[in-house]
Amino acid sequence: MSEIKGKIIKGIGGFYYVNAANCVYECKAKGIFRKDHRKPLVGDDVNMEILDEEKLLGSITELLPRKSELIRPAVANVDQALIIFAVASPQPALNLLDRFLIMMEQQKLPCLVCFNKEDLGKSGEGRRLCEIYEKAGYKTLLVSALTGEGLKELAELLEGRTTTVAGPSGVGKSSLINAVAGREVMETGTISERIERGKHTTRHSELFCIGSDTFILDTPGFSSLDLFAMEKEDLGNFYPDFIGPEKNCRFTLCSHIHEPDCGVKAAVEEGNISRERYENYKLLYEELKNKRKY
Ligand code: GDP
Ligand code: ZN
């Protein structure tokens, strides 16, 4: 029997759904656990054999080596994160955007920062937002799912990669992914509409194939962030924009808040670190400081 290569896009109740040769096969992974002592994850590349070409049934015969593994959510082989906020409607909460970035930095995942709904922003607002994050070292994109602005560049950055998408609801995540895919892969609409439609289905992490070797990870509940487990002293390590300036701090364990001769504060004064990023850093630092220790 011939084997083909594929990717696990979903796992439900002992079944794995494998995207292979432009089809999705429902597979069991019987021998795999015993043979490899590894549990297959969404995102895993596998070899499978087709059991029934018409009913699209198959069997996973081999788990291929994992390039990487995310913990939250538990998914293999994710290449990058796409963090989407809107220029307006809803107004972007940069504090939340920074939390997403910190969470991705903790997992060492490269991040793209995307601002959607450029058509609704005041003149210059989208550029201003992008500059904050370009200065911090991130690749940024200013797009509109409505007018199509920036979508070609977005598509190029997604092509051939597996990307996890994060952002608050209503910013246009589904609209953007559908626009890039050229068909409806993700549901759009208001939250209440979606809750109504989704009432009777349990949702799981799922990869959507939007082109050859191009996958998008939609993770339900991913946008509700609880306080990450971290010591306040470590927070600064997840700000790429602090790395250069903190070499100039007088103290090696500088919190960049009250200490004299702080390179980070100097960089904020000189405009090399965005003041908004820094103010949000202080808020998060306070939050971690006040967190109850268990
Ligand atoms: P999600 O919750 O992040 O997936 O957001 P949706 O894709 O469901 O979009 C939320 C709402 O914003 C929908 O009514 C979309 O039609 C609208 N929307 C999405 N992108 C744009 C855009 O670029 N411009 C404008 N004006 N509206 C948009
Ligand atoms: Zn400092």
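Residues in region 71-92 that are assigned to a loop (DSSP other than H, G, I, E, B) and at pLDDT below 95: Ile71, Arg72, Pro73, Ala74. No other residue among Glu276, Glu246, Glu287, Glu259 is of a type in the set (D, E, K, R) and part of a loop (DSSP other than H, G, I, E, B) apart from Glu259. When Gln80 is tested against (1) without any contact (Cβ under 8 Å) to a residue 40 or more places away in the chain; (2) within 23 Å of Ser174 (Cα to Cα), only condition (1) is not met. Anything in region 56-106 that is within 16 Å of ligand 1 (Cβ to nearest atom), surrounded by 14 or more Cβ atoms within 10 Å (Cβ to Cβ) and under 23 Å from Glu279 (Cβ atoms)? List them, or say none. The answer is Ile83, Ile84, Phe85, Ala86, Val87, Ala88, Pro92, Leu96, Leu97, Phe100. Here Cys249 passes the criteria (1) within 12 Å of ligand 2 (Cβ to nearest atom); (2) on the phi > 0 side of the Ramachandran plot except the one numbered (2).
Of the residues that sit in region 262-273 and are more than 9 Å from ligand 2 (Cβ to nearest atom) and part of a loop (DSSP other than H, G, I, E, B), which one is farthest from Lys135 (Cα to Cα)? Filtering first and then ranking leaves Glu270. Under the condition of being without any contact (Cβ under 8 Å) to a residue 24 or more places away in the chain and either part of a strand (DSSP E or B) or polar (S, T, N, Q) (or both), the residues counted in region 14-33 number 3.
Every residue, every condition in (1) under 23 Å from Lys108 (Cα atoms); (2) away from ligand 2 (no atom under 16 Å from the Cβ); (3) modelled with pLDDT under 95, yes or no:
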position	(1), (2), (3)
Thr147	no, yes, no
Glu153	no, yes, no
Thr163	yes, yes, no
Pro168	yes, yes, yes
Glu187	no, yes, yes
Lys199	no, yes, yes
Leu207	yes, yes, yes
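Comparison of Gly43, Gly58, Gly11 shows that the only residue that is farther than 30 Å from Leu112 by Cβ, touching a residue at least 12 places away in the same chain (Cβ under 8 Å) and of a type in the set (Gly, Ala, Ser) is Gly58. For region 257-291, the tally of residues that are surrounded by fewer than 17 Cβ atoms within 10 Å (Cβ to Cβ), within 24 Å of Ala93 (Cβ to Cβ) and in contact with a Phe, Trp or Tyr (Cβ under 7 Å, 6 or more places away or on another chain) stands at 1.
Selection within region 87-145: residues that are farther than 29 Å from Ala229 by Cα and of a type in the set (Val, Ile, Thr). The member of this set that is nearest to ligand 2 (Cβ to nearest atom) is Val87.
Rundown of residues vs (1) of a type in the set (D, E, K, R); (2) on the phi > 0 side of the Ramachandran plot, yes/no style:
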site	(1), (2)
Lys7	yes, no
Gly13	no, yes
Val18	no, no
Asn22	no, yes
Cys27	no, no
Lys30	yes, no
Val46	no, no
Asp52	yes, no
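Criterion applied to Ser174, Ser212 was being at pLDDT below 95 and in contact with a strand residue (DSSP E or B) (Cβ under 9 Å, 6 or more places away or on another chain), and the one residue passing it is Ser174. Does region 225-239 include one or more residues that are within 16 Å of ligand 1 (Cβ to nearest atom), surrounded by 11 or more Cβ atoms within 10 Å (Cβ to Cβ) and either of a type in the set (S, T, N, Q) or closer than 29 Å to Ser169 by Cβ (or both)? Yes, region 225-239 contains at least one residue that is within 16 Å of ligand 1 (Cβ to nearest atom), surrounded by 11 or more Cβ atoms within 10 Å (Cβ to Cβ) and either of a type in the set (S, T, N, Q) or closer than 29 Å to Ser169 by Cβ (or both). Name the single residue that is farthest from Val268 (Cα to Cα) among those in region 107-149 being open to solvent by less than 10 Å² (accessible area, probe 1.4 Å) and part of a helix (DSSP H, G or I). Per the criteria, the residue is Gly126. For Lys5, the test of being out of contact with any His (no Cβ under 7 Å at 6 or more places or on another chain), surrounded by fewer than 16 Cβ atoms within 10 Å (Cβ to Cβ) and assigned to a loop (DSSP other than H, G, I, E, B) is failed.
The values are calculated or read from the model by the stated rules, or taken from the named source; none is laboratory data. Since the model is a prediction, treat every value here as computed from it, not as a measurement. Heads up, the Cβs are rebuilt from the backbone with ideal geometry, glycines too, and the neighbour counts pull from every protein chain shown. The protein model used for the area step is the full one, side chains on, heavy atoms only, and it has no ligands, DNA or RNA in it. Shrake-Rupley method; radii C 1.70, N 1.55, O 1.52, S 1.80 Å.
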